[in-house]
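First up is the structure itself, then whatever we jot down about it.
The values are calculated or read from the model by the stated rules, or taken from the named source; none is laboratory data. For clarity, every value in this text was computed on a predicted model and none was experimentally measured. Every residue, glycine among them, receives a Cβ derived from its backbone with ideal geometry; neighbour counts consider all protein chains shown. Heavy atoms of the whole protein, side chains included, go into the accessibility calculation; ligands, DNA and RNA do not. Shrake-Rupley method; radii C 1.70, N 1.55, O 1.52, S 1.80 Å.
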Amino acid sequence: MRRLFFALCLMFVAGGALAQVILSDDEIALALAHGPWPSEWRPDSSNRVSGLSKAVTLGEALFHDPILSRDGTMSCATCHVPENGFSDGLTRGQGRVALDRNTLSLWNLTQHRWFGWSGDTDNLWAQSMTPILNPREMGHDTESLKVALSSSPHVEAYEALFGRLDQHEGQTIAVNVSKALAAFQETLVTGVTPFDSFRLALENGDVVTAGLYPLAAQRGLRIFVGKGRCAVCHFGPAFTNGEFHDAGVPYFMAGAGVDQGRFGGLTALFASPYTLDGAFSDDPDRTGAWAVRGVQRLPNDFGLFRVPGLRNVALTGPYMHDGSLPDLHAVVRHYNEIDLERMHADGEAILRPLGLSDGEVNDLVSFLESLTEGR
Ligand code: HEC
Ligand code: HEC
């Protein structure tokens, strides 16, 4: 009934301005699949401090504290700058040395099963430990981390959550610190966007409010769920299917060599003691460990990267795993003119040059911008 109503009410006048909903029933159904937002969330059963306010407070303090780097010069927030969409605005991250990949933003992490561009980890606390112990990033080892934490102002908060610090081994401390960091990062959820207001209005049959969503964004949405095929991979409330694909970005690295993408990520995952199936998970039922148990590493995984979520995407450029595309126009042009010679693995079956006009490119960019708060 509601749909019929929409089909009949294609056009109406609101507040003097011509406002309309131009989507078909099928397009409306596809728009509805990208919500509701925010999504429901349950604490991470592999992390016993997930969802505890004391852990969020400790995690936030640690996130901003340079004691997590060995030489005391770098905190998580050095690269994941809150005012910068929890990214750094750089092409590729800058640690103690120049890194190979673009810094991921930290929004909506609870929507993911795999973490990092290549899914090196299957949970947020393990992913949070990686930069602390990576010699190219913060450069601690578990013993130097223990020394740094023991003489920090965080001892009391740590002990309230995890027990006596001086009785813990360095490795346990690294895991606990990472679990507090994860508890904080779980709270970084993007707010309601113009797209969400439109989507909710469609769901409620509120044509007046729905008609306030700009026509350019509506036309862009049509392309996104239709001939652009974007929603094949960027699907669901967070605009990602959470899996690994080839989007035609070269995987040769700026310096030398190639970025193995998911292939290398699986090598790291299989070697890690910190998976959902490992001894450091707090979940006796090992919920979610089926994924790491079942996954296989195949030659086709070479050069695949995790599909990024697109919420607040206007704030997180430059784009792609290597930061090679400076803005959203460049991203849409990349898909429009995609170079099939560069494609390998499964992307080829889905992606092909789109042949969009300049106007359509702008419409698709308008849609992507409407996925950002305050636009
Ligand atoms: C030197 C810069 C730098 C520092 C410092 C840094 N990160 Fe990152 N972070 C990155 C880069 C680059 C990536 C993408 C890495 C990849 O996927 O290969 C990333 C990825 C992540 C991810 C994965 C996000 C996702 O969507 O899967 C998380 C979580 C994360 N960092 C948390 C942290 C935490 C917590 C700290 C502090 C303990 C931290 N980072 C410190 C640069 C940094
Ligand atoms: C085959 C799956 C697939 C399809 C189809 C697809 N994407 Fe992507 N998208 C990806 C992957 C994978 C990446 C990351 C690629 C990389 O870094 O190498 C990406 C990256 C992006 C980014 C950059 C996000 C960031 O934070 O860096 C944007 C924006 C984007 N896609 C928009 C689109 C649009 C618009 C379309 C439709 C024209 C589209 N995508 C179609 C898989 C896909």
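In the set (1) acidic (Asp, Glu); (2) closer than 27 Å to Leu269 by Cα; (3) surrounded by 15 or more Cβ atoms within 10 Å (Cβ to Cβ), Glu143 fails one condition alone, (3). Applying the selection to the stretch 146-159, what residues are surrounded by fewer than 23 Cβ atoms within 10 Å (Cβ to Cβ) and not hydroxyl-bearing (Ser, Thr, Tyr)? Hits for the stretch 146-159 are Lys146, Val147, Ala148, Pro153, His154, Val155, Glu156, Ala157, Glu159. Tallying residues that are basic (Lys, Arg) and part of a helix (DSSP H, G or I) within the stretch 139-179 yields 2.
Considered as a group, the residues in the stretch 263-313 that are part of a loop (DSSP other than H, G, I, E, B) and within 13 Å of ligand 2 (Cβ to nearest atom) include one that is most open to solvent (accessible area, probe 1.4 Å), and that residue is Phe302. Among the candidates His154, His112, the residue that is within 16 Å of ligand 2 (Cβ to nearest atom) and modelled with pLDDT of 95 or more is uniquely His112. Among the conditions (1) more than 8 Å from ligand 2 (Cβ to nearest atom); (2) part of a helix (DSSP H, G or I); (3) in contact with a strand residue (DSSP E or B) (Cβ under 8 Å, 6 or more places away or on another chain), Val361 misses just one, which is (3).
Please determine whether any residue of the stretch 118-134 is surrounded by fewer than 20 Cβ atoms within 10 Å (Cβ to Cβ) and touching a residue at least 60 places away in the same chain (Cβ under 8 Å). Within the stretch 118-134, none of the residues are surrounded by fewer than 20 Cβ atoms within 10 Å (Cβ to Cβ) and touching a residue at least 60 places away in the same chain (Cβ under 8 Å). Residues that are assigned to a loop (DSSP other than H, G, I, E, B) and small (Gly, Ala, Ser) were ranked within the stretch 226-247; the one that is nearest to Asp122 (Cα to Cα) is Gly242.
Residues in the stretch 128-149 that are more than 15 Å from ligand 1 (Cβ to nearest atom) and either out of contact with any helix residue (DSSP H, G or I) (no Cβ under 6 Å at 6 or more places or on another chain) or outside the structural domain of Cys79 (by TED's automatic domain parsing) (or both): Val147 alone. Residue check: Thr103 meets all listed conditions (1) farther than 20 Å from Tyr319 by Cβ; (2) open to solvent by less than 20 Å² (accessible area, probe 1.4 Å); (3) of a type outside the set (D, E, K, R); (4) near ligand 1 (Cβ under 9 Å from one of its atoms) but one, namely (1).
I'd like the residue in the stretch 243-259 that is crowded, with 17+ Cβ neighbours inside 10 Å and either more than 13 Å from ligand 2 (Cβ to nearest atom) or not charged (D, E, K, R) (or both) and, out of all such residues, is nearest to Gln111 (Cα to Cα).
Just the residues of the stretch 243-259 that are crowded, with 17+ Cβ neighbours inside 10 Å, to begin with: 244-249, 251, 259.
Subset that is either more than 13 Å from ligand 2 (Cβ to nearest atom) or not charged (D, E, K, R) (or both): 244-245, 247-249, 251.
Details: Phe244: 15, His245: 17, Ala247: 21, Gly248: 24, Val249: 24, Tyr251: 26 Å.
So, considering only residues that are crowded, with 17+ Cβ neighbours inside 10 Å and either more than 13 Å from ligand 2 (Cβ to nearest atom) or not charged (D, E, K, R) (or both), the one nearest to Gln111 (Cα to Cα) is Phe244.
So for the stretch 314-322 (the condition being within 15 Å of ligand 1 (Cβ to nearest atom), in a helix (DSSP H, G or I) and touching a helix residue (DSSP H, G or I) at 6+ places or on another chain (Cβ under 8 Å)), does at least one residue qualify? Looking through the stretch 314-322, at least one residue is within 15 Å of ligand 1 (Cβ to nearest atom), in a helix (DSSP H, G or I) and touching a helix residue (DSSP H, G or I) at 6+ places or on another chain (Cβ under 8 Å).
Conditions tested, residue by residue: (1) open to solvent by 40 Å² or more (accessible area, probe 1.4 Å); (2) modelled with pLDDT of 95 or more; (3) of a type outside the set (S, T, N, Q); (4) not assigned by TED's automatic domain parsing to the domain that holds Tyr213.
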position	(1), (2), (3), (4)
Leu10	yes, no, yes, no
Ala19	no, no, yes, no
Glu60	yes, yes, yes, yes
Phe63	no, yes, yes, yes
Arg70	yes, yes, yes, yes
Cys76	no, yes, yes, yes
Pro82	yes, yes, yes, yes
Phe86	no, yes, yes, yes
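The set of residues from the stretch 224-247 being of a type in the set (Asp, Glu) and either within 15 Å of ligand 1 (Cβ to nearest atom) or closer than 21 Å to Trp37 by Cβ (or both) comprises just one member, Glu243.
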